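One structure is given below, encoded as structure tokens.
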Amino acid sequence: MTLTKDQQLPGDLPLDPRVDASVARDSFTVVNPATEEGIAEVVDTQSDDWLDALTRAVDAQDEYSPFTPRQRADILRAIYEEIMARQEDFARTMTMEMGKPLVEARGETANTADYFRWFGEEAVRIPGRYAQSPAGAGDIVVTRTPVGPVLAITPWNFPLAMGARKIAPAIAAGCPVLVKPAAETPLSMLLLGQVIWDVLERFSAPRDLLHILPTTQAGELSETLMADPRLRKITFTGSTAVGKILMRQSAENLQRASMELGGNAPFVVAEDADLELALSCAMQAKMRNGGEVCVAANRFLVHEAIAGEFTERLTEKMNKVVMGNGLEEGTTLGPMITAAQRDRIHALVTETVEAGATVHRGGEVPEQTGYFYPPTVLSGIPAGARILREEIFGPVATVSTFSTLDEAIEKANDTEFGLAAYAFSENAHTCQRFAKELAAGMVGINRGMITDIAAPFGGIKQSGFGREGGIEGIEEYLDIRYIGS
Ligand code: NAD
């Protein structure tokens, strides 16, 4: 890899050293979305690299199998420590390639490290079961074995954490992983690779447990690898459309699959909610990562008696957001990832306004370098508008109203997605109804941020299936074996 702006990137960011340098390859440019400048050239891996990585991964699994649960835990704990030791390098790299404010990039780095610590702790607790056959036919022993080589495909919005949720449980369970990072943001993942390879070497574990395969040919990569029966699992975080393609591809070799897909989270505010709490959580649920979050609040549903005040106070909070280059301390909103994403968001806003919505702030693309889009607040959204059906994935809040609890729940659930939902009320009965009746894999009650390494993250309906984090997360990488004796 040639760094064109290496004075700012943390020095040495190698390509996976096993990629054969004698084979001529194209490269692609990683762009800083805040400056629109190329910051690195990354070699575009191709099918020889992918298949070679799989062959090496298969061998690595055998080599790694004698490692005890405690040894695996120690490896993961060491990775946690090394990531934390280089937190600033990770944060700067991530901000430069993805745009998020440095403070959030530091947070994502710590969260990434935490997944390694958590799954290190889980490596020594992989459960089994013993029972006697009720009919006295013998003993039943249930064990768990590693699934086998895993392909992990990750998005650009959380360039490190989305990979960490897959790599850490895979290594804890005993599986090798091939990671394909998003082409927009491969640098943080390459840096993570460097850290993990160093730790594996220190523990005399096979470096081939992890391969990182940046490429611009995502479709060809998944097709090639998934057509190979040696690959046993696909774990994907990204859009529902791509998730469906991968599910079709997984049918051929019946690879196990985890699909963390898109969302359309409702954020319901009941009449008796603590409004200040709801507003600060609204900012968190909407504006974290510039709104480029699968669990971002996509639709604010506010009781009609307080919707006016909610909208006004939300707009005041949005006025205080500081938009700029994420590397500058004090920035609270960075650029969108690409010009195309910014334009998509703007088209969604324009279409909604043309259909009659009111703009309280924002709604215009600023004339400045970088793919910036301002905090935007809209109300009076026409029923059935596309902005209510699709993921906005940007700093745009839409406020709609309801008059009864039944109507709130019905509107909240009126989506094909089912990833996250948020609800606010000071009444225990109302909270209970929200907890039971909101149709989502994750429900936040009086909270705007519920992601936690110790909790199962994942969705229902078109948001996919499978869970990451928690004690459930490692199960995705384990097959169940029953031994009758
Ligand atoms: P995307 O689906 O376009 O891309 C995700 C990854 O898939 C990238 O690495 C991309 O290169 C790769 N990809 C694209 N086409 C492919 C193909 N045909 N075969 C194999 N791989 C392919 O999504 P995106 O725009 O990068 O990310 C945003 C989406 O991710 C949003 O929908 C968001 O909700 C979702 N997301 C979900 C979660 C979750 O945990 N549920 C978390 C973060 C993001």
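Worth a mention:
- Accessible area in the full protein assembly, largest first, 1.4 Å probe, for 468, 223: 223, 468
- Amide H contacts of residue 273 (H built 1.01 Å from N, in plane; Pro and chain starts excluded): 426 sit under 5 Å, all sequence-distant by 5 or more or on other chains.
- Here the Kirkwood formula puts the hydrodynamic radius of the stretch 81-144 at 14.8 Å, using every distinct Cα pair.
- Residue 264 long-range amide H proximity, modeled H, under 5 Å: 418, 419, 420
- Computing Rg and the Kirkwood Rh from the Cα coordinates of the stretch 433-485 gives a ratio, Rg/Rh, of 1.12.
- Considering only Cα atoms, the convex hull volume of the chain works out to 154 Å³ per residue.
- Near the amide H of residue 144, within less than 5 Å, lie the amide hydrogens of 481, all on another chain or at least 5 residues away, with H placed in the peptide plane.
- Across the options 241, 477, 107, the greatest Cα extent toward the positive end of the charge dipole of the chain (unit charges at beta carbon of Lys, Arg, Asp, Glu) belongs to 477.
- Farthest toward positive dipole pole in the chain [+1 Lys/Arg, -1 Asp/Glu at C-beta], among 71, 168, 213: 71
- Pairwise Cα separations in the stretch 55-170 fall into 5 Å bins from 0 onward with the following percentages, short to long: 2, 11, 16, 17, 16, 12, 10, 7, 4, 2, 2, 1, 1.
- Full-stretch length increase - residue 137, residue 276 - with 0.36 nm per residue and alpha-carbon distance subtracted: 43.8 nm
- Along the stretch 43-53 the Karplus relation, 6.51 cos²θ - 1.76 cosθ + 1.60 evaluated at θ = phi - 60°, assigns HN-Hα couplings of 5, 8, 5, 9, 4, 4, 5, 5, 6, 4, 4 Hz to successive residues, with x for each Gly and Pro.
- Based on the reciprocal of the average 1/r between different C-alpha atoms, the Kirkwood radius for the stretch 147-216 equals 12.0 Å.
- Summarised in one figure, the compactness ratio Rg/Rh of the stretch 44-89, Cα atoms and Kirkwood Rh, is 1.15.
- Mean shadow area of the stretch 265-452, taken as a quarter of the surface of its Cα convex hull (nm²): 10.2
- In a simple Cβ point-charge model (Lys, Arg +1; Asp, Glu -1; nothing else charged), the stretch 265-452 has a dipole of about 300 debye relative to its Cα centre.
- The equivalent ellipsoid of the stretch 180-335 has semi-axes of 40, 22, 14 Å, largest first, where each one is the square root of 5 times an eigenvalue of the Cα gyration tensor.
- Contour excess over end-to-end distance, with Cα ends at residue 313 and residue 455 and 0.36 nm allotted per residue: 48.0 nm
- Solvent exposure of residue 346, expressed as accessible area, is near 50 Å², computed with a probe of 1.4 Å over the protein chains only.
- Note: the stretch 106-228, Cα convex hull, 149 Å³ per residue.
- Cross-link table 286/436; 244/286; 166/411; 320/461; 180/320, entries beyond 29 Å C-alpha to C-alpha: 166/411; 320/461; 180/320
- Taking the Kirkwood radius as Rh and the Cα radius of gyration as Rg, the stretch 341-412 has a ratio of Rg/Rh equal to 1.02.
- Between the Cα long axis of helix 428-437 and the first principal axis of the chain there is an angle of about 50°, rounded to the nearest 10.
The values are calculated or read from the model by the stated rules, or taken from the named source; none is laboratory data. Since we're looking at a predicted model, the values are computed, not measured. Here the Cβ is made from the backbone with ideal geometry for all residues, glycine too, and neighbour counts use every protein chain on show. Note: accessible area is taken over every heavy atom of the protein model, side chains too, but ligands, DNA and RNA are not part of it. Shrake-Rupley method; radii C 1.70, N 1.55, O 1.52, S 1.80 Å.
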